[in-house]
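Quick note: the coordinates plus some simple rules give every number you see, no bench work behind them. Please read all numbers here as calculations on a predicted model, not as lab measurements. With ideal geometry, Cβ positions are generated from the backbone for all residues, glycine too; neighbour counts draw on all protein chains shown.
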Amino acid sequence: MSLSVGDTAPEFSLPDQDRQVVSLADLRGTPVLLVFYPFAFSGICTGELCQLRDELSTYTDAGVRVLAVSTDPAPALKAWKAQEGFDFALLSDFWPHGEVAQAYGVFHEKAGMAVRGTFLVDAEGRIAFTEVNGPGDARVQSGWKDAVAALAA
C-alpha cells in the first residue's frame, strides 16, 4: 500500500530511544515530519540524519515535530542518538517488526527493514508530502523544506 498526498496518515504508537511511547494521535494539531530509514549506524542513514540534525531549526521554527523511524531496537537507537547528538526522537519499529513501516508502504520485506520514506503529516493528520527512495538512494532534503514552507504558508 502506498500513501498519497491527502491520505490520512496511519496512526501508530512506538517507543523512542528511551522507551517512551510516542503516538501520532497525541501529536494531532502539530505537523510531523516522519523520516523512515533502514538502519542506525549505517553510512547513508548517518549522513541523512546528521544533515537533519544540522538543519533541524528549518523544521522546528515552522512548528514541525521531527520523528525518525527504523526497525532497530531502542537500545541501539539510544546509543546512536548519544553518539551523533540528535535532537529529535528516534522511534523503534522493532516489534511487531516493521509494522508501522508496512502501514506507510515503506517496509522492505526481504531485508526486514524500512526503506527511505519521508512523510510530512499536517496538523489534521493528513499526508501533505511523501517521498520514497530505495535503501541505497540518499534523499535530497530540499523537497522536505519546500513542503514545510508550503504547509506554513
- [ ] Note the full-extension length gain between H108 and W95 as 0.36 nm times their separation in residues minus their Cα-Cα distance, in nm to one decimal.
- [x] 3.2 nm
Open item on the list: Using amide H atoms built in the peptide plane, which far-off residues or other-chain residues are under 5 Å from F129 H to H?
Closed with: L120
- [ ] With label points built 7 Å along Cα→Cβ from the Cα atoms of A150 and S2, find their separation and express it in nm.
- [x] 1.7 nm
Task: Student exercise, the chain dipole from Lys, Arg, Asp, Glu Cβ charges, in Debye to nearest 20 - done: 140 debye
TODO: DSSP loop (so not H, G, I, E, B), at most 11 other Cβ within 10 Å: list which GluC sites (Glu not before Pro) in the range 72-131 pass both filters.
DONE: E109, E124
- [ ] Find how many whole Å separate the alpha carbon centroid of the range 1-66 from the alpha carbon centroid of the range 75-125.
- [x] 7 Å
Open item on the list: Checking the a/c ratio against 1.5 first, then a/b against b/c, what shape does the Cα gyration tensor give for the range 75-125?
Closed with: oblate
Open item on the list: Tell me whether the range 1-64 comes out rounded, prolate or oblate; compute the Cα gyration tensor, take square roots of the eigenvalues as a ≥ b ≥ c, and use a/c under 1.5 as the rounded threshold.
Closed with: rounded
Open item on the list: Rounded, prolate or oblate for the range 15-153? Axes are the square roots of the Cα gyration tensor eigenvalues, ordered a ≥ b ≥ c, and the cut-off for rounded is a/c under 1.5.
Closed with: rounded
Open item on the list: I need the peptides 9-15, 134-140 ranked by packing, meaning the mean over residues of other C-beta atoms within 10 angstrom, with the highest value on top.
Closed with: 9-15, 134-140
Task: Residue order, fewest to most beta carbons within 10 Å, for H97, H108 - done: H97, H108
